[in-house]
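The values are calculated or read from the model by the stated rules, or taken from the named source; none is laboratory data. What you see is a predicted model; the values in this text were computed from it and never measured. Cβ placement follows ideal geometry from the backbone for every residue including glycine, while neighbour counts extend to all protein chains displayed. The area values use the complete protein model at the heavy-atom level, side chains included, leaving out ligands, DNA and RNA. Shrake-Rupley method; radii C 1.70, N 1.55, O 1.52, S 1.80 Å.
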Amino acid sequence: MAKDALPEPKRRNKTLSVSDALSGALDPVLKKRGFAGRDIIAQWRHIAPPPFDQTTLPDKLSWPRSNHGAEGATLYLRCAPGQALFAQHEAPAIAAAVNRYFGYVLVNDVRLSAEPFTPGSGQKVQKPYQPSQSELAKVGKATEMVEDDDLREALRTLGLALSRRSNMKKQ
């Protein structure tokens, strides 16, 4: 082996989840926002009571500046338009839900953040699909030889879904 040659990189023969792979990149950013870990952000839909699981997002945790131990942080939430008053009114219930999830008094107060609410990939509304007569005939002809009614209906549904998918790719 030549002196100038680099050693072989160590191979990891295992798969990693995206969250594990990105943890090193996200943790410093989250620590600047007051979060010790990703749990409160990643599990917000399970932590927050309805409807706040859909209309709010945690923005940052602000810890008190006392030397007498952590008394609980202030959680700042981003709210959807029109939900701020409701979220502020229900702040004690949100704080109780967070504390119940973690098992100790993590959040003492809940306030609203000035940052705008930007939901992630929310539920997308799909238009109902109306297959054309030619598609119905084509799928019907392909499934007419199947004797079992349930299987024939399942195959017909699959065939219509696949024809819709191919039509969307053409457009």
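Hey, among Leu162, Leu155, which residue is part of a helix (DSSP H, G or I) and modelled with pLDDT of 90 or more?
That would be Leu155, the only listed residue that is part of a helix (DSSP H, G or I) and modelled with pLDDT of 90 or more.
Here is a list of conditions, (1) modelled with pLDDT under 90; (2) more than 17 Å from Leu57 (Cβ to Cβ), and Lys138 meets all of them except one; can you say which number that is?
(1)
Against the definition (acidic (Asp, Glu) and at pLDDT below 90), how does Asp20 come out, yes or no?
So Asp20 passes the test.
Any residue at all in segment 1-15 that's farther than 29 Å from Pro64 by Cβ, modelled with pLDDT under 85 and open to solvent by less than 90 Å² (accessible area, probe 1.4 Å)?
Yes; the residues of segment 1-15 include at least one that is farther than 29 Å from Pro64 by Cβ, modelled with pLDDT under 85 and open to solvent by less than 90 Å² (accessible area, probe 1.4 Å).
Check Val107 against each of (1) touching a strand residue (DSSP E or B) at 6+ places or on another chain (Cβ under 7 Å); (2) open to solvent by 70 Å² or more (accessible area, probe 1.4 Å) and name the one condition it does not meet.
Among (1) touching a strand residue (DSSP E or B) at 6+ places or on another chain (Cβ under 7 Å); (2) open to solvent by 70 Å² or more (accessible area, probe 1.4 Å), Val107 violates only (2).
Give Leu22, Leu57, Leu30, Leu85 a once-over and let me know the one that is in contact (Cβ under 8 Å) with a residue 24 or more places away in the chain and on the phi < 0 side of the Ramachandran plot.
Leu57
Of a type outside the set (Val, Ile, Thr), modelled with pLDDT of 90 or more and closer than 18 Å to Trp44 by Cα: is that true of Ala80 in this structure?
Values: of a type outside the set (Val, Ile, Thr): yes; modelled with pLDDT of 90 or more: no; closer than 18 Å to Trp44 by Cα: yes.
No; evaluated as a whole, the condition is false for this residue.
Return the pair list, or none, for Cβ contacts closer than 9 Å from residues in segment 96-109 that are of a type in the set (Lys, Arg) to residues that are in a helix (DSSP H, G or I), at least 6 apart or on different chains.
Arg100/Ile47
If you go through segment 25-37 one residue at a time, do you hit one that is open to solvent by 50 Å² or more (accessible area, probe 1.4 Å) and closer than 19 Å to Phe117 by Cα?
Checked against the condition, which is being open to solvent by 50 Å² or more (accessible area, probe 1.4 Å) and closer than 19 Å to Phe117 by Cα, segment 25-37 yields at least one hit.
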